[in-house]
Protein chains: 2
Amino acid sequence: MKDLGWKPNRKSHVPLHKQIEEYIKGKILKGEWPVGTRIPSQRQLSDMLEVNRSTVVSAVDELAAQGLLAGKKGGGTRVINNTWSVLAADPPLDWDTYVQSGTYKPNMPTIQEINRAEFHPNIIRLGTGELSPHLLPHGQMHKIWNRTSNRQISLGYPEPKGDLFLRTALADHLQRIGIQTTPSSILIVSGALQALQLISVGLLHRGSSVLLEKPSYLNSVHVFQSAGMKLVGVPVDQEGIQPSLVCKYKRQYGGDLLYIIPSFHNPTGILMSEKRRHDLLATSEQQRLPVVEDDVYRDLWLDNPPPLPLKSHDKNGNVLYVGSFSKTVSPGLRIGWIAGPEPVMDRLADIKMQTDYGSSSLSQWAAAEWLSTGLYQDHLNQVRKELKYRRNSTIKLLEQHFGGVASWSVPSGGFYIWLHIIPSISMRELFETALKEGILLNPGTIYDRDADQYIRISYSYASLEEMEQAISRLSLIMNDLINRRE
Amino acid sequence: MKDLGWKPNRKSHVPLHKQIEEYIKGKILKGEWPVGTRIPSQRQLSDMLEVNRSTVVSAVDELAAQGLLAGKKGGGTRVINNTWSVLAADPPLDWDTYVQSGTYKPNMPTIQEINRAEFHPNIIRLGTGELSPHLLPHGQMHKIWNRTSNRQISLGYPEPKGDLFLRTALADHLQRIGIQTTPSSILIVSGALQALQLISVGLLHRGSSVLLEKPSYLNSVHVFQSAGMKLVGVPVDQEGIQPSLVCKYKRQYGGDLLYIIPSFHNPTGILMSEKRRHDLLATSEQQRLPVVEDDVYRDLWLDNPPPLPLKSHDKNGNVLYVGSFSKTVSPGLRIGWIAGPEPVMDRLADIKMQTDYGSSSLSQWAAAEWLSTGLYQDHLNQVRKELKYRRNSTIKLLEQHFGGVASWSVPSGGFYIWLHIIPSISMRELFETALKEGILLNPGTIYDRDADQYIRISYSYASLEEMEQAISRLSLIMNDLINRRE
């Protein structure tokens, strides 16, 4: 309940506190804030509505006097009544219990905080893992819509595995990176995250273990944990996850699936070497361990194309290969794909049909046009040039401001720099102070509970001016924290 | 593994059996059919590839001789080796165990059969619950794309609750049916089914009970059962579900949520009366029972607009109101919505972000244009006229061919006629014989295990010529079954 989408009108003759009172009353009377709802704190309200705290206080006091709101010790202010239920003797339905009892885990508090802060005006998003809005291909997207395509958009329910034209275009696309597959072994999904969601409920049982790189993006979402699985982090070196440790951890903690991001890893930026890929595939075969190869950053190489995917060498069908348009073309399309053994794709397609009846036809149509017209490759060339410039500039800024207090590797593709902060300072304090000054960070602990001294920097989102401002500001905040510590 | 998407080339100089052999070998060598895969039966292959059984047999025999395939008693033919693993001593990864052990239940066999049969060429789909492709607004959709909109399509990650412009347009739309709500209490989802999916994992725990109409659409999907909930069917009369029985069943079997389709119910076509809506809402309040009001057919009234939704009288926020564009504009858009208490929407939005990062921006953009330009209302007027004509014609056909052997009520909106077959014949036999003759039925048992003597007829999909052909053919099949029984 953070983005109210309403502010009092300062030009109105109705006093601000009165407007706020009416607004809250409206929420209560419409049942949008049912009895039992904990309303935002006075501080939050005064922030969100951009008014003085005292204005909020007088509105809330008035509603309390009318018997609609009441403060609860340690529980904030809650809705205790609405005019319609004044006479009702029974306590009302308690939604809070429902919200608490759902099996799906809520996002981590830090991530919820990040999600909210992203909508603050003027915030500099130093860790956001997506292309800057300026880099998204608005012009080309319009071109696609306005050109006369030979294909009509299918407006009916999509085919279980997705639009055949798109799957055919994808089979060609995958061939170019050495993956031999036919459209019937490809499933279209609404982004890579949905691929993981389907795999979690379609192929694993409660209590299964998923091996993954430590740190990993996967720790920042609850897709496997909510389905009752546990995540087992396996240490990495500069070449990627270590096969011998995969075996060791599997013996020790179990392992029903291995999840990896071999190309321009999120959050470390590591590119898995060719040898490591071969070794890991051999391990998968020897251990009979299915591999989910999340390769959504592959096309964003900046120096040289990465080694071929594990999937390209996977003659036994051990690898489920996951790709997406979200990092390269547009997250808003919500188009990703899985390539893997046909019986497995059949199973996942069946579940997809049961959960959302397939992905948007408009998006599938657009994605197929992107691939089949060659616009995708043109766009990538542009994006790579821009990202390379951004990476180089960001590295320069880091050298300038963080020499001595932090260390990092230079990524050869993707979005991320995994910044190790050398002096031991409170990262919570760093996060909060930075946020107050309008800089949003992605702390390392999102990706690995033990990565307390890390930050994920992304050079893809903020403008270079913002980046410069944020990084120099951040180094001052850090110095301040270091000095205070001494 | 039913839609191979490949057929042998009859014009090639390569013999058909050789082409099929190479095709299957390709599948095996690429890992699309890994070792352990059960390949389609010889009958299925000869159907799918449109060749004689003997052609299939000679291809399969050759592959068996090469050591790639082997028959297994009662288990069909399986892949037992691929050239790469000839020397491998270890048994390969067993995907079958994974496919079997996922927590999400597979679709019911009958539904899988229906899903497959829908793609047969020339099949008449007598039960399909969607608008005929001819009724989908291709022209208007193009108009929407080509007109200059003031709004740019947002290509970034969508806002957690969905595009604000769309939510604002929906708040206006809902106001017209008496629902007072603001955009912050609306969540955009990828169709009504996803709404149910989010509710199941977001608000209920394993072991919860969901009360619902008996029969109900909800029995045909596994969205609640796969999350560990049980469904409790409550009998209905001509006015809809009976509040007194809701109380009784809740006492007897538990009830954490009530799911209803009050307007033009799927599959019975029943329209809940105004009085019943009030009574049911009172029951919900008295029993503290949250209600999911699935109202996706509301706008498809044919005679008179239906009574206002329960949600319009819901001052206490007990009702989660679900709507969708899938039945009215286009299933391919994958756009639906939920309106309900803000803290509940916050919770569901958080889960949506964790499972698919929001719905397609293109689809959200298009949906907002549909609503805000008035094109939606224009289109509805067209669709209603056409559906009314179709309903009337279908009823005439039923009177002509099924008088005496079946009974039905005339629906006043939506898509469905719930046909009660009076003589006791085997519905399985009816389904199979009809399918052989190119008519696809939706048996009642999909919606209620006990509705063995029912069929769901939909007048929205097949053309009237097809409808006439199918209904007269069906009555002959039925008579044949009746006679054979005697």
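The values are calculated or read from the model by the stated rules, or taken from the named source; none is laboratory data. Please read these numbers as outputs of a predicted model, since none were measured by experiment. Every residue, glycine among them, receives a Cβ derived from its backbone with ideal geometry; neighbour counts consider all protein chains shown. These accessible areas exclude ligands, DNA and RNA; they are computed on the full protein's heavy atoms, side chains included. Shrake-Rupley method; radii C 1.70, N 1.55, O 1.52, S 1.80 Å.
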- Message: Given the whole protein assembly as supplied and a 1.4 Å probe, what does the accessible area of B:Trp95 come to in Å², nearest 10?
- Response: 20
- Note on the structure: Once A:Lys11 and A:Ser244 are pulled to full extension, the length gained, defined as 0.36 nm per residue separation minus their Cα-Cα distance, is 77.0 nm
- Query: Mind checking the dipole of the protein assembly as shown: about its Cα centre, +1 per Lys or Arg Cβ, -1 per Asp or Glu Cβ, Debye to the nearest 20?
  - Reply: 120
- Note on the structure: Rounded to the nearest 5, the percent of antiparallel DSSP beta bridges in the protein assembly as shown equals 55
- Item | Mean separation of Cα contacts under 8 Å (6+ apart) over length of the range A:92-217, as relative contact order % | 13
- With a sphere of radius 13 Å drawn around the Cβ of B:Gly26, what net charge do the other residues whose Cβ falls strictly inside it have (Lys, Arg +1; Asp, Glu -1)? +1
- Computed over the range A:239-327, Cα set: Rg, Dmax in Å: 12.7, 38
- Item | Rounded to the nearest 20 debye, dipole of the range A:138-376 from Cβ charges on Lys, Arg, Asp, Glu | 220
- Message: I'd like the accessible area for B:Tyr253: 1.4 Å probe, protein heavy atoms, all chains in place, Å² to the nearest 10.
- Response: 110
- Message: Sort A:255-268, A:165-178 by packing, meaning the average of other beta carbons within 10 Å per residue, with the highest value first.
- Response: A:255-268, A:165-178
- Query: Quick one: net charge of A:Ser326's neighbours, Cβ under 15 Å, K/R +1, D/E -1?
  - Reply: -2
- Message: Can you find, among B:Thr355, B:Leu271, B:Gly323, the residue sitting farthest towards the positive end of the charge dipole of the range B:264-379, where Lys and Arg contribute +1 and Asp and Glu -1 at Cβ?
- Response: B:Leu271
- Query: Toward the positive end of the charge dipole of the protein assembly as shown, about the Cα centre and with charges on Cβ (Lys, Arg +1; Asp, Glu -1), which of B:Gln364, A:Ser208, B:Pro215 goes farthest?
  - Reply: A:Ser208
- Message: Just want the answer: with Cβ charges of +1 for Lys and Arg and -1 for Asp and Glu, which residue in B:Gly332, B:Pro262, B:Pro307 is farthest toward the dipole's positive end in the range B:244-335?
- Response: B:Pro262
- In Å, the Kirkwood hydrodynamic radius of the protein assembly as shown over pairs of distinct alpha carbons? 30.1
- Quick one: with label points 7 Å out along Cα→Cβ, list the inter-copy distances for A:Asp237 in nm, shortest first? 7.8
- Give me the accessible area of B:Asp47, 1.4 Å probe, in Å² rounded to the nearest 10. 100
- Query: With θ set to phi - 60° and the Karplus curve 6.51 cos²θ - 1.76 cosθ + 1.60, what are the ³J(HN,Hα) couplings of the range B:378-393 in order, to the nearest whole Hz, using x for Gly and Pro?
  - Reply: 4, 4, 4, 4, 4, 5, 4, 4, 5, 5, 5, 4, 5, 4, 4, 5
- So the FRET efficiency between B:Arg38 and A:Lys143, C-beta based with R0 = 51 Å and rounded to 0.05, is 0.65
- Item | Mean residue ellipticity (222 nm) of chain A, computed from DSSP H runs ≥ 4 via -39,500 (n - 2.57), nearest 500 | -13000 deg cm²/dmol
- Query: If you rank A:Glu293, B:Glu285 by how much accessible surface each has, with a 1.4 Å probe, what is the order from largest down?
  - Reply: B:Glu285, A:Glu293
- Counting DSSP beta bridges in the range B:147-374, what percent are antiparallel, to the nearest 5? 40
- Computed about the Cα centre, the charge dipole of chain A from +1 Lys/Arg and -1 Asp/Glu charges at the Cβ has a magnitude in debye, to the nearest 20, of 280
- Note on the structure: On protein heavy atoms with a 1.4 Å probe, the accessible surface that disappears when A meets B, both sides summed and given to 100 Å², is 9100
- Query: Taking the range B:147-374, how much of its Cα-Cα pair set, in percent, is spaced more than 27 angstrom apart?
  - Reply: 30
- State whether the range B:1-126 is rounded, prolate or oblate according to the following rule on the C-alpha gyration tensor (a ≥ b ≥ c being the square roots of its eigenvalues): a/c under 1.5 gives rounded; otherwise a/b larger than b/c gives prolate, and the remaining case gives oblate. oblate
- Note on the structure: Looks like the range A:88-163, by Cα gyration tensor root eigenvalues a ≥ b ≥ c and the a/c under 1.5 rounded cutoff (else prolate when a/b is bigger than b/c, oblate otherwise), is oblate
- Largest first, what is the accessible-area ranking of A:Met108, A:Met427 with a 1.4 Å probe? A:Met108, A:Met427
- Note on the structure: Restricting to Cα pairs under 8 Å and 6 or more apart, the percent relative contact order of chain A works out to 18
- Task: May I ask you to report, in nm to one decimal and beginning with the shortest, the distances from B:His278 to the same position in the other copies, taking label points 7 Å along Cα-to-Cβ?
- Result: 8.0
- Message: I need the shape label for the range A:100-217. Rule: rounded when a/c is under 1.5, else prolate if a/b > b/c, else oblate, with a, b, c from the alpha carbon gyration tensor.
- Response: oblate
- Query: Between copies, how far does the label point of B:Lys11 sit from its twins, in nm, shortest first, when each point is 7 Å from Cα along Cα→Cβ?
  - Reply: 7.0
- Item | Whole-number accessible area per residue in Å² for the protein assembly as shown, which is evaluated in the context of all protein chains at 1.4 Å | 39
- Rg and Dmax of the range B:431-472 over Cα atoms: what are they, in angstrom? 11.1, 32
- Summed over the other residues with a beta carbon less than 14 angstrom from that of B:Ser359, with K and R at +1 and D and E at -1, the charge totals +1
- Debye intensity ratio in log₁₀ form over the Cα atoms of chain B, taken at each q of 0.10 Å⁻¹: -0.90
- Of the listed links B:Lys214/B:Lys250; A:Lys105/B:Lys315; A:Lys352/B:Lys352; B:Lys7/B:Lys27, those spanning more than 19 angstrom between alpha carbons are A:Lys105/B:Lys315
- Message: How many angstrom lie between the Cα centre of the range B:416-486 and the Cα centre of the range A:287-330?
- Response: 48
- Tilt of helix B:192-203 relative to the longest C-alpha principal axis of chain B, in degrees (0 to 90, nearest 10)? 80
- Give the cross-link partners of A:Lys143 among the lysines, using a straight C-alpha distance below 19 Å as the criterion and excluding same-chain residues fewer than 8 apart. B:Lys143
- Query: How high is the relative contact order of the range B:158-296, given as a whole-number percent (alpha carbon pairs under 8 Å, six or more residues apart)?
  - Reply: 20
